[in-house]
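S.K.: Pasting a structure below so you can have a look.
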Amino acid sequence: MRQAQGALAIAGRGAGLYEFTDQAVAWVRDQGIAHGLLTVFVRHTSCSLVIQENADPDVARDLDEFFRRLAPEQAGWMRHRSEGPDDMPAHIKAALTQTSLAIPVIGGRPALGTWQGIYLFEHRTRPHRREVILHAIGE
């Protein structure tokens, strides 16, 4: 059984979904693990990770719009605004999604479906550079 760890830096221009499937696939290939499990973890509390359709960009836009409506910046009941009006809405969106993903590795590749992509879901309005940790275990 082998293990490998690494990190990716994902630079976002603001709120939205940023696909990094190709970087994750390349990283797994470079580790030489043919069969096992890839864990992807984001080290932040105002963004998240999702596996989502990557064929039609309207899916990402619609998801972003849904979450904007679900946790709007103008909600008067929110107290936590330390870093601006998007601060608490970003934490709510991150709490409703995921900070880690587990993806089987088969044949040296993450076993994603035909239209599945791995995305960083940025919930803050200003640009951020996010760190994503990758851990692979297998043979």
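S.K.: Would a scan of the stretch 95-104 turn up a residue that is closer than 18 Å to R126 by Cβ, surrounded by 14 or more Cβ atoms within 10 Å (Cβ to Cβ) and either touching a residue at least 12 places away in the same chain (Cβ under 8 Å) or among the polar types (S, T, N, Q) (or both)?
M.R.: Among the residues of the stretch 95-104, not one is closer than 18 Å to R126 by Cβ, surrounded by 14 or more Cβ atoms within 10 Å (Cβ to Cβ) and either touching a residue at least 12 places away in the same chain (Cβ under 8 Å) or among the polar types (S, T, N, Q) (or both), which makes the answer no.
S.K.: Follow-up. I'd like the full set of residues that are farther than 21 Å from L120 by Cα and either among the hydroxyl-bearing types (S, T, Y) or not in a loop (DSSP other than H, G, I, E, B) (or both), limited to the stretch 67-91.
M.R.: S82
S.K.: Give Q31, Q5 a once-over and let me know the one that is at negative phi and surrounded by fewer than 16 Cβ atoms within 10 Å (Cβ to Cβ). Before the answer, list the steps.
M.R.: Details: Q31 fails: surrounded by fewer than 16 Cβ atoms within 10 Å (Cβ to Cβ).
Selected residue: Q5, the only one of Q31, Q5 that is at negative phi and surrounded by fewer than 16 Cβ atoms within 10 Å (Cβ to Cβ).
S.K.: Within the set of pairs 6+ apart or on separate chains, which have a first residue in the stretch 11-25 that is acidic (D, E), a second that is not in a strand (DSSP E or B), and C-beta atoms under 9 Å apart?
M.R.: E19/N54; E19/A60
S.K.: How about the stretch 8-28: which of its residues are aromatic (F, W, Y) and either part of a helix (DSSP H, G or I) or exposed (fewer than 15 other Cβ atoms within 10 Å of the Cβ) (or both)? Talk me through it step by step, then tell me what you get.
M.R.: Initially, the stretch 8-28 is screened for residues aromatic (F, W, Y), giving 18, 20, 27.
Across the stretch 8-28, the qualifying residue is only W27.
S.K.: For the structure I just gave you, tell me whether A94 is closer than 25 Å to I133 by Cα and either part of a loop (DSSP other than H, G, I, E, B) or under 17 Å from the mean Cα position of the chain (by Cα) (or both). Write out each step before concluding.
M.R.: Details: closer than 25 Å to I133 by Cα: yes; either part of a loop (DSSP other than H, G, I, E, B) or under 17 Å from the mean Cα position of the chain (by Cα) (or both): yes.
So A94 fits the description; yes.
S.K.: Which condition breaks for G113 when tested against (1) surrounded by 14 or more Cβ atoms within 10 Å (Cβ to Cβ); (2) within 19 Å of W27 (Cα to Cα); (3) without any contact (Cβ under 8 Å) to a residue 24 or more places away in the chain?
M.R.: That leaves (1) as the condition not met.
S.K.: Return only the number of the condition from (1) assigned to a strand (DSSP E or B); (2) over 23 Å from G107 (Cβ atoms) that D64 does not satisfy.
M.R.: (1) is the only condition that D64 fails.
S.K.: Can you tell me which of (1) free of Cβ contacts under 8 Å to residues at least 40 places away in the same chain; (2) farther than 30 Å from R29 by Cβ is the one A90 doesn't meet?
M.R.: All conditions pass for A90, except number (1).
S.K.: Moving on. Mind checking which residues of the stretch 39-49 are of a type in the set (V, I, T) and crowded, with 16+ Cβ neighbours inside 10 Å? Quick ask: steps written out before the conclusion?
M.R.: First pass over the stretch 39-49, keeping only residues of a type in the set (V, I, T): 39-40, 42, 45.
Those that are of a type in the set (V, I, T) and crowded, with 16+ Cβ neighbours inside 10 Å: V40, V42.
S.K.: Go through the stretch 29-51 and count every residue that is among the small types (G, A, S), in a loop (DSSP other than H, G, I, E, B) and over 26 Å from H91 (Cα atoms).
M.R.: 2
S.K.: Something else about it: Is there any pair with a first residue in the stretch 46-69 that is within 23 Å of L8 (Cβ to Cβ) and a second that is surrounded by fewer than 11 Cβ atoms within 10 Å (Cβ to Cβ) and not polar (S, T, N, Q) whose Cβ atoms are under 9 Å apart and which are 6 or more apart or on different chains, and what are they?
M.R.: Note: pairs meeting the criteria are I51/G113.
Only the coordinates and a few stated rules stand behind these numbers; no lab work does. Here the structure is a predicted model, which is why all the values come from computation and not from measurement. All Cβ positions, glycine included, derive from the backbone under ideal geometry; neighbour counts span all protein chains shown.
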